[in-house]
């Protein structure tokens, strides 16, 4: 993606932490010159070979999975907090803009089946059920039920070739305007705006 030098994040640990915290992504592949996209959770993990990979699953009814074998590269887009920045927040005439954090991941995709898929689904359920009042687990579900439901999904793993991180957070503003933007974002009483303000504070404590 297009990332001006000032906004490009090269810190791999920070990018990986972002992927773990914002794991709902858009997976994009192509088929006969047309783009396919699915919105889904993608988990960053280390596989049995010690590779850092993304893994996920789609419904078998979703034809996108049939495009995977023909794609030498797929792209996953992860979007974090974002907020409108008003031109009225500066101490000089300027234009409005948008602050955001986003990561693009590119890699090669392969299908997961059998025990690999079942174990991956087990980890996914456990991860997101941990905060539930009455958490469910694949281990406590009837085995025949799990077996039947697994027939309706297609699992996959993405071997990561490269990642691009864009942290556009008003880095081009002087301290006075930078702090004013933070104040205005916090005054909006909006979750996204507050999160953007928090990320900006990390840049200039």
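Have a look at 150, 141, 163 and tell me which one the Gaussian network model of the chain (Cα, springs below 10 Å) gives the largest fluctuation.
Its mean-square fluctuation being the largest, the pick is 141.
Could you give the angle, 0 to 90 degrees to the nearest 10, between helix 175-187's Cα long axis and the longest principal axis of the Cα atoms of the chain?
Its long axis makes an angle of about 60 degrees.
Looking only at region 183-205, which residues have a backbone nitrogen under 15 Å from a spot 7 Å from the Cα of residue 14 in the C-beta direction?
Only 196-205 pass the distance filter.
When the expected Rg is taken as 2.2 N^0.38 Å, what fraction or multiple of it is the alpha-carbon Rg of the chain?
1.21
Report the extension gain between residue 189 and residue 92 in nm, rounded to one decimal, defined as 0.36 nm multiplied by the number of residues separating them, less their alpha carbon distance.
Length gained, residue 189 through residue 92: 32.4 nm.
How much length is gained if the chain between residue 59 and residue 161 is pulled fully straight, taking 0.36 nm per residue apart and subtracting their Cα-Cα distance, in nm to one decimal?
Between residue 59 and residue 161, full extension yields an extra 34.2 nm.
If I model a spin label at residue 179 and residue 5 as a point 7 Å from the Cα along the Cα→Cβ vector, what separation in nanometres do I get?
Output for this residue pair reads 2.9 nm.
Relative to the longest principal Cα axis of the chain, at what angle does helix 12-21 sit, 0 to 90 degrees, rounded to 10?
Tilt of helix 12-21: around 70 degrees.
How big is the gap, in Å, between the Cα center of region 4-21 and the Cα center of region 133-151?
Going from one Cα centre to the other spans 36 Å.
Calculate how steeply helix 114-129 sits against the longest principal axis of the alpha-carbon atoms of the chain, using the helix alpha-carbon long axis, and give the answer as 0 to 90 degrees to the nearest 10.
The angle comes out near 40 degrees.
Distance in nm between label sites at residue 52 and residue 32, each 7 Å beyond Cα in the beta-carbon direction?
3.8
What length, rounded to one decimal in nm, is gained on full extension from residue 113 through to residue 82, with 0.36 nm per residue of separation minus their alpha-carbon distance?
Difference between extended and current length: 7.5 nm.
For region 182-196, list residues with backbone N below 18 Å from a point placed 7 Å from the Cα of residue 22 toward its Cβ?
Only 182, 185-186, 190-196 pass the distance filter.
Residue 72 to residue 201: FRET efficiency via 1/(1 + (r/R0)^6), r the Cβ-Cβ distance, R0 41 Å, to the nearest 0.05?
Calculated transfer efficiency: 0.50.
Report relative contact order for the chain in percent, whole number only (criteria: Cα-Cα under 8 Å, sequence separation at least 6).
25
Laboratory data are not the source of any read-out in this text; all were calculated from the coordinates shown. From a predicted model like this one, the values you see are computed outputs, not experimental measurements. Here Cβ is always computed from backbone atoms with ideal geometry, including for glycine, and neighbour counts include all displayed protein chains.
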